[in-house]
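Here's the structure, in structure tokens; my notes come after.
FYI, it's all coordinate maths here, none of it is from the lab. Computed from a predicted model, the values in this text were never measured in an experiment. Cβ placement follows ideal geometry from the backbone for every residue including glycine, while neighbour counts extend to all protein chains displayed.
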Amino acid sequence: MKSNLACLGEGSGAVVGDIRALGELRGRLMDLGFTPGAGVRCLFAAPSGDPRAYMVRGSVIALRRADAALVGLGARGA
Amino acid sequence: MGLTLRSVGKNAALTGGGAVPADRTVALAGNPNVGKSTVFNALTGLRQHTGNWSGKTVVTARGYYDYKGRTVAVTDIPGAYSLRAGSAEEEAARDYIAFGGADLTVVVCDAGALERNLNLALQILELTPNVILAVNLMDEAKKRGITVDTEGLSRALGVPVIPMAARKKRGVEELRAAIDGFTPPPFAYTVRYGEDIERAAGGLELTLENVLEGRLGARYAALRLLEGDERTLRAMEEHLGFDLKSVPEVASALERAKAELEKAGVEDVADRLISGIYSAATSLCRECVSGGSGYGEGQLRLDRFLTRRATGIPVMLLLLALIFFITVKGANAPSDWLYALFERIGGLLSRALTALGAPAAVHDALILGVWRVLSYVVSVMLPPMAIFFPMFTLLEDLGYLPRVAFNLDSGFRRAGACGKQCLTMAMGFGCNAAGVVGCRIIDSKRERLIAVLTNSLVPCNGRFPILIALITMFLVTSSGVGGSVLAALALTAFILLGVGATLLISRILSRTILRGEASSPTLELPPFRKPKIGEVVVRSLLDRTLFVLGRAAAVAAPAGLLIWLAANIRVGGTTALAAVTGAMDPVGRFLGLDGVILTAFILGLPANETVIPIIIMAYAASGSFEGYESLSSLRALLTQNGWTWVTALCTGVFTVLHWPCTTTLLTVKKETGSVKWTALAALIPTAAGAILCAVISHIFG
């Protein structure tokens, strides 16, 4: 299993790899800036640990864990 | 939509009605939460409600201004991240930009998140070159160390780019001048998607140019056909009046283009298009934006504090209780003062009527009916609203509400609902009708329905004062600061009852008639913004308080007259009101209420604000009640009629959980287009309230 956004710990950053979401969510995630190669950082989590807030392209977007798991991570600088 | 001056202001008209002939029409587009509504206000001088949360603009509003003798019409369209529509709002935005026929589109951008904002701007440029970029929030970005070279951006894009700080009125004149002097640019930036896609799109584009004859951008249409975006294609068909794919030369050109793509090994065109736009945005930003991450350490610390396990929920509850404490404590004295004032004016009116020789029946109907109800509604409603609204608006302006939605998302997720329902629930605190309209921000149809059906489970501001009155009269009778703290906690408990009912009923709905998996909400958490306190106070007083109060008074005055007549005209030894309340009594008693209270809730259907005055009048008409001189004396009247704290508790619960007011029901009908859902929107809260009241009264009664 390749690493995905849901595995990203609070405070750490990575680069978006492939988007595994399908259908509408795929378009929405990409429109919000989660496109391959974009830098992303996990900022903080809700009291229950889910959802979490991610910084992507200058704005903070909250994603539920199940959805974050559909955003793959690539190698840094990829 | 209820609450804002925008829907009632003299210069405002919702699209579809009251259009003023204009020399130039401008569409105002932009991502959610970039200050689009602030730019709209600054341009048109029109006050409308602007809040700091994503997707606030739920209706298309229009405003006008004159510039150098020419009238410019500005349409504020819903915020959208993309023209690839997701939510109902985004679809409305796309349709207006693509097919609305405006002379030019002003795309408002957030200087602090330009890359993401350019995604939309570049998509719009694909549709029309008649674009002005308004880069707003320059001041905020600068504070975070971000500078935008707007001149460089303008050279790169080929369209005017105006730096703005609309909250400080900076850049507004420049934008007006740019709109006035706008001429179609000779060159506008076009995103290039790579040779394979360009070659396939090129041929199709040429064919489309002949077919479309300028009615729609050929390149835009070609790309949509290639990516097969069915929803946009349907909207295009509606606009053009024919299906592009049914035109033989388009169909064959599309076939050829697709074959070419296949040969080149391009699998997912849609992905390539989004990525292409973002790489263009990235390189534009690399040239024109410098410094800053857009999100500082201070923000992060605050966000962590407001969302951490140990502090997130407690801080939220404390803030809520604090707001209620200030409301309860602060409203007390002005309420008494207003009530006394109204009584004194009532006395003068009474004497004047008598001096004019008005018959006793007319005098009593006007003074004891109309005036008493009006004075109750104003004196009890106005102070809490005038205190609660500005404070709530401050939290909204600050950007706190999306954090609340973030904190509560897991609750809504377990209920099979959308975390954004929390925002529509918060709108419901102001006005349930507005909350129901606000549900448009929820993408999934199933979850939107859940949010619509459960919106009235949180008390709107018309019901807050009822709760405050009940609490201070029966549930928390100690006075002083301690009493106010307890009263605030009791009010918080009633709100939590509403929130709990929302979660529980959402859960039941998503396990029964609205079964389905939770969708995937994506919620933007905008940066915290320092609210402009003066403006907030004025705006919430003008936009909300007075408007809501006016509506309540407009209902209360005739209601007062009707109720007085029903309570005083005797037919066969009994009054109409007594007959009705008598018939209602067994049901009322079963619910821990009585016939009068239940009747008051039924008659309060047009506006809940009238519930308590109706109760008072019904009791007063049947007895000899004289103690009207102060609010606290009303307690004696209620006690005389058998009220205990259990009655007050049941009435409070029923206040939170019963049928919504007519405005809300009509809005539900409009939004869902279904009588069945409207009936359910009334039935669900009523059933919940009835069950809970019956249980309470049987345990304690």
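Give me the inter-chain shielding for B:77-83: mean count of other chain Cβ atoms within 10 Å, whole number please.
The per-residue average across the peptide is 2.
Over the residues of the stretch B:482-629, compute the C-alpha Rg and express it relative to 2.2 N^0.38 Å.
The reported ratio for this selection is 1.48.
Could you tell me how far the Cα centroid of the stretch A:36-54 sits from the Cα centroid of the stretch B:68-82, in Å?
The stretch B:68-82 and the stretch A:36-54 have Cα centres spaced 34 Å from each other.
Divide by every residue of chain A the summed helix terms, -39500 (n - 2.57) for each DSSP H run of at least 4, and state the resulting mean residue ellipticity at 222 nm, rounded to the nearest 500 deg cm²/dmol.
When only DSSP H runs of four or more count, the value is -4000 deg cm²/dmol.
Among B:561-574, A:43-56, how do they line up from the highest to the lowest mean number of other beta-carbon atoms within 10 Å? Show your work: numbers first, answer last.
On the way: B:561-574: 15.4, A:43-56: 21.6.
By packing density, highest mean first, the sequence is A:43-56, B:561-574.
Long-range amide H contacts for A:Gly17: which residues qualify at under 5 Å (H placed 1.01 Å from N, peptide plane, sequence gap of 5 or more or a different chain)?
Answer set, sorted by chain and number: A:Gly37, A:Gly72, A:Leu73, A:Gly74.
Relative to the longest principal axis of chain B, what angle (0 to 90°, nearest 10) does the C-alpha long axis of helix B:312-355 take?
Relative to chain B, helix B:312-355 is tipped by roughly 60 degrees.
Work out from phi, with θ = phi - 60° and the Karplus expression 6.51 cos²θ - 1.76 cosθ + 1.60, the ³J(HN,Hα) of each residue of the stretch B:360-375, listed in order in whole Hz, and give x for Gly and Pro.
Once θ is set to phi - 60°, the couplings for the stretch B:360-375 become 4, 5, 5, 4, 5, 4, 6, 7, 7, x, 4, 5, 4, 5, 4, 5 Hz.
Which whole number gives the average, over all residues in A:20-32, of C-beta atoms from other chains lying within 10 Å of the residue C-beta? Please report the intermediate quantities before stating the final value.
Details: counts 0, 1, 0, 1, 9, 6, 4, 10, 10, 3, 10, 16, 7.
Average neighbour count from other chains, rounded to a whole number: 6.
Give a residue-ordered list of calculated ³J(HN,Hα) values for the stretch B:207-218 (Karplus: 6.51 cos²θ - 1.76 cosθ + 1.60, θ = phi - 60°; whole Hz; x for Gly, Pro).
4, 5, 4, 5, 6, 7, 6, x, 6, 7, x, 5
Report, to two decimal places, the Cα Rg of chain B normalised by 2.2 N^0.38 Å (N = number of residues).
1.08
Show me, for the stretch B:395-411, the HN-Hα J-couplings you get by feeding each phi into the Karplus relation (A = 6.51, B = -1.76, C = 1.60, θ = phi - 60°), rounded to Hz, glycine and proline as x.
Each residue's phi maps through the Karplus curve to give 4, 5, 5, 5, x, 6, 4, x, 5, 5, 4, 4, 5, 8, 4, 5, x Hz.
With the alpha-carbon atoms as the only input, what is the per residue convex hull volume for the stretch B:348-406 in Å³?
88
Taking Cα atoms, how many degrees apart are the long axis of helix B:445-454 and the longest axis of chain B, rounded to 10 and kept between 0 and 90?
20
Would you calculate a helix-derived [θ] at 222 nm for chain B, using -39,500 (n - 2.57) for each DSSP H run of n ≥ 4 and dividing by the full residue count, to the nearest 500?
Rounded to the nearest 500, the figure is -19500 deg cm²/dmol.
Got a sec? How would B:Phe654, B:Phe528, B:Phe324 order by Cβ neighbour count within 10 Å, fewest to most?
B:Phe528, B:Phe654, B:Phe324
Hey, what's the Kirkwood Rh for the protein assembly as shown if you take every pair of different alpha carbons, in angstrom?
For the protein assembly as shown, inverting the mean 1/r across all distinct Cα pairs yields 28.3 Å.
Counting other C-beta atoms within 10 Å, which of B:Glu260, B:Glu115, B:Glu297 has the fewest, and how do the rest follow?
Taking fewest neighbouring Cβ atoms as first place, the list is B:Glu297, B:Glu260, B:Glu115.
Report the percentage of all Cα-Cα pairs in the stretch B:243-319 whose separation exceeds 20 Å, rounded to a whole percent.
Working: 1967 of 2926 pairs.
Counting every Cα pair in the stretch B:243-319, those more than 20 Å apart make up 67 percent.
Hey, what angle do you get for helix B:645-656 against the long axis of chain B, alpha-carbon based, 0 to 90 degrees rounded to 10?
Computed tilt is about 30 degrees.
Normalised by the empirical 2.2 N^0.38 Å for globular proteins, what value does the Cα Rg of chain A take?
0.96
Averaged across B:115-122, how many Cβ atoms of other chains sit within 10 Å of each residue's Cβ atom? List each step's numbers first, then the result.
Numbers: counts 6, 9, 3, 1, 6, 1, 0, 0.
Average neighbour count from other chains, rounded to a whole number: 3.
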